[in-house]
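Participant: Below is a structure I'd like to ask you about.
The values are calculated or read from the model by the stated rules, or taken from the named source; none is laboratory data. All values reported here derive from a predicted model rather than from experimental measurement. Every residue, glycine as well, gets a Cβ built from its backbone with ideal geometry; the counts of neighbours run over all protein chains shown.
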Ligand SMILES: Nc1ncnc2c1ncn2[C@@H]1O[C@H](COP(=O)(O)OP(=O)(O)OP(=O)(O)O)[C@@H](O)[C@H]1O
Ligand code: SF4
Ligand SMILES: [Mg+2]
């Protein structure tokens, strides 16, 4: 893919949080690209910085967050340099769906009124036309009898149906990028599969890009084209899903994949030793070094830079240092 196909480019993003206990060094130089029309996954354990990354793209970071450095280019423009631009982008060029649809919908308003309101804020159309668009959107996300559903309150819908409504709302502004933060983890497995199918269909029909956040490699395999693996506020490996699953190179990715139960695998599951570090006082050098079976002296001192080890496959680890 050429550089022209890049829709979003996050570069060396460093974000801290000011807390009573001290400074939480949440992101330590996060970089990745999302191409037009692809599903890009961010995977990692709890607390590794997936949500902070997505909120920074949307300009929705909490008040105690400090963007220390970095750039976020959307269609070539640095959003962090231009806060005004960011306000327009929220809900326009970029939309988001969250983990729990029940808390994202307003329980007091009918579904139809909520979608119509979003359409009216973004598009210069009559109320009548906005309602028609809302019905079409509900239909396009696979809701049966959309005209009837317009009159439902959120509590009258199942979790899967609520998530479809959220997706319809997210699409109502015709975004180029849809950020989905664990959009299926509150749903049961069958419904989860249906929502993944819907997101794939939306990507194919509208050629939008999706940033898909998850901690589940099964879901990555199901829906993503490329994936970035995060550990303690850093992106340790990026590549096509095929490359990462069949040829993981970073010791953390290897450990993560080895800890997933697979049908037919007999040997005991490998578990990454130790625990996730506190981001109040993260390990120097490579943040994974206290847990890494391959750690060397340099790992304790120098942060490894990301190196392209094969076409489109990047690894940030001293084992793959440039020129070695
Ligand atoms: N408002 C905040 N104040 C202080 N620290 C925060 C704040 N928000 C997030 N953090 C910290 O930033 C780090 C990254 O958090 P983030 O929510 O991005 O993790 P995550 O990868 O989305 O995890 P999960 O899988 O549990 O959703 C964590 O250490 C978290 O405690
Ligand atoms: S840089 Fe060193 S500590 Fe970090 S993953 Fe690579 S070998 Fe392990
Ligand atoms: Mg999160």
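Participant: Within the range 201-237, how many residues turn out to be assigned to a strand (DSSP E or B) and either touching a strand residue (DSSP E or B) at 6+ places or on another chain (Cβ under 8 Å) or more than 21 Å from residue 51 (Cβ to Cβ) (or both)?
Facilitator: Number satisfying all stated conditions: 15.
Matching residues to (1) modelled with pLDDT of 95 or more; (2) closer than 28 Å to residue 56 by Cβ:
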residue	(1), (2)
117	no, yes
121	no, yes
142	no, no
148	yes, no
158	no, no
170	no, yes
174	no, yes
178	yes, yes
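Participant: If you don't mind, another one. Give the number of residues within the range 258-275 that are loosely packed, with under 10 Cβ neighbours inside 10 Å, modelled with pLDDT of 80 or more and within 17 Å of residue 247 (Cα to Cα).
Facilitator: Residues flagged as loosely packed, with under 10 Cβ neighbours inside 10 Å, modelled with pLDDT of 80 or more and within 17 Å of residue 247 (Cα to Cα) within the range 258-275 amount to 0.
Participant: Could you tell me which of the residues 309, 315 is farther than 18 Å from residue 28 by Cβ, touching a residue at least 24 places away in the same chain (Cβ under 8 Å) and in a strand (DSSP E or B)?
Facilitator: None of the other options fit; the residue is 309.
Participant: Also, I was wondering about something else. Looking at 204, 197 in this structure, which one is more than 24 Å from residue 5 (Cβ to Cβ) and without any contact (Cβ under 8 Å) to a residue 12 or more places away in the chain?
Facilitator: Every option except 197 fails the conditions.
Participant: Among the helices (runs of 4 or more DSSP H) contained in the range 60-156, which hold 1 or more residues that are farther than 25 Å from residue 188 by Cα and within 23 Å of the chain's Cα centre (by Cα)?
Facilitator: Per the criteria, 83-89, 111-122.
Participant: For residue 174, only one of the following conditions fails: (1) assigned to a helix (DSSP H, G or I); (2) within 26 Å of residue 36 (Cβ to Cβ). What is its number?
Facilitator: (1)
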